[in-house]
Amino acid sequence: MKKDVVRGVVLRAVDVKNSDRMLTVYTHERGIMSIYARGAKRMDGKSGTSSTAEFAYSEFTVVQKQDKLWSSEISNIRFFDCGMMNFEGYSLNFYVLELFEHIATAEPDADLMRLLLNTLYASSERKNDHRLIKAAFEIRLLSHIGYMPDVTGCSECEARGRELYFDVVTGSLKCAECTALGAEDTDTEPHQTLIITEGARAALEYSIGCPLEKLFSFTLVGEDLDCFSRAAESYLVRQLDRDFAGLDYIHNVVLPKKPK
Ligand SMILES: [Zn+2]
């Protein structure tokens with residue numbers, strides 16, 4: 001029987017009968033795929049961290065049987081365990097896995113794999129900056145899968161260096177003057193716009209185009225960070241047009257909104 005080896009991150013693990021586990025894995029070799037881990041629950045007992053649980057980056061030797069891929073030889077490469085002290089990192093990684101399960105295809109994609117690994121790593125290693133990591137990840141992910149916003153300046157007059165309005169429907173910016181001029185457009189679709197500071201605009205532009213390994217290598221604080229994170233999340237929710245349990249969790253449990 002032909003064996004094959006794949007390496008990937010477990011996005012979801014569901015226990016099935018006979019101590020087996022059905023895994024949804026994002027892999028270097030085949031993009032997203034389902035793997036049945038033979039005896040996975042018994043393997044758990046032998047080591048502290050599981051190679052077949054969510055957040056595990058593991059190597060699987062797989063064998064095709066009928067219409068399913070089975071694996072009983074699994075070794076863990078890394079486990080993105082944030083620990084109890086890094087609750088923000090844990091919840092962000094949970095959301096990252098959920099997003100990948102939604103957007104990933106069976107097409108291998110080296111850049112997407114690196115984005116996944118780098119984000120899980122940064123989120124589990126850092127003790128703060130999770131809002132920055134989340135927003136930079138969201139914008140980079142969207143840009144990569146075909147929703148790149150145009151954030152270089154006002155889409156009408158190219159103004160930059162001052163406050164602009166980010167339209168999360170079109171993914172473009174407008175200055176106050178051009179917004180006023182266009183106010184009489186008989187556009188039927190309701191537009192949702194957010195104020196973007198120059199710092200937030202620069203962070204959006206950086207997150208789209210910087211080398212992937214430098215994605216989280218910048219600092220942003222205060223209102224700039226507020227605008228950046230609001231823009232990234234609003235744009236993602238609007239473009240992907242669905243709710244994510246991970247987002248509800250982040251907002252309601254981990255980062256409850258500060259009273260104004
Ligand atoms: Zn303008």
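The values are calculated or read from the model by the stated rules, or taken from the named source; none is laboratory data. Bear in mind that the values here come from a model prediction, so they are computed numbers and not experimental data. Note that each Cβ is placed from the backbone with ideal geometry, even for glycine, and that neighbours are counted across all protein chains shown.
Some values worked out for this structure:
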item	result
Every pair of residues 6+ apart whose Cβ atoms lie under 8 Å, when the first sits in the stretch 152-164 and is closer than 9 Å to residue 201 by Cα while the second is within 10 Å of the ligand (Cβ to nearest atom) and of a type in the set (D, E, K, R)	152/158; 152/160; 153/160; 164/174
Residue in the stretch 167-176 that is farther than 27 Å from residue 95 by Cβ, at pLDDT 90 or above, surrounded by 18 or more Cβ atoms within 10 Å (Cβ to Cβ) and within 14 Å of the ligand (Cβ to nearest atom) present	yes
Subset of the stretch 66-92 [under 15 Å from residue 20 (Cα atoms) and of a type outside the set (Gly, Ala, Ser)]	68, 69, 70, 73, 74
Subset of the stretch 120-138 (residues that are within 21 Å of residue 224 (Cβ to Cβ), assigned to a helix (DSSP H, G or I) and either among the hydroxyl-bearing types (Ser, Thr, Tyr) or out of contact with any helix residue (DSSP H, G or I) (no Cβ under 7 Å at 6 or more places or on another chain) (or both))	123
Set 57, 95, 26, 36: member being in contact (Cβ under 8 Å) with a residue 12 or more places away in the chain and assigned by TED's automatic domain parsing to the domain that holds residue 110	95
Residue in the stretch 25-36 that is farther than 30 Å from residue 146 by Cβ, hydroxyl-bearing (Ser, Thr, Tyr), buried (at least 22 other Cβ atoms within 10 Å of the Cβ) and out of contact with any helix residue (DSSP H, G or I) (no Cβ under 7 Å at 6 or more places or on another chain) present	no
Leading residue by the ranking (farthest from the ligand (Cβ to nearest atom)) among those in the stretch 139-151 that are out of contact with any Lys or Arg (no Cβ under 8 Å at 6 or more places or on another chain) and not in a helix (DSSP H, G or I)	145
Output for the stretch 217-239, where each listed residue is surrounded by 19 or more Cβ atoms within 10 Å (Cβ to Cβ) and among the aromatic types (Phe, Trp, Tyr)	228, 235
Members of the stretch 152-171 that are more than 12 Å from residue 194 (Cβ to Cβ) and not in a loop (DSSP other than H, G, I, E, B)	152, 153, 154
Condition broken by residue 158, with the remaining ones in (1) more than 16 Å from the ligand (Cβ to nearest atom); (2) surrounded by fewer than 19 Cβ atoms within 10 Å (Cβ to Cβ); (3) at pLDDT below 95 satisfied	(1)
Some residue of the stretch 106-118 being in contact with a Lys or Arg (Cβ under 8 Å, 6 or more places away or on another chain) and not in a loop (DSSP other than H, G, I, E, B)	yes
Any hit, the stretch 65-88, residues being surrounded by 16 or more Cβ atoms within 10 Å (Cβ to Cβ), assigned to a helix (DSSP H, G or I) and in contact (Cβ under 8 Å) with a residue 40 or more places away in the chain	yes
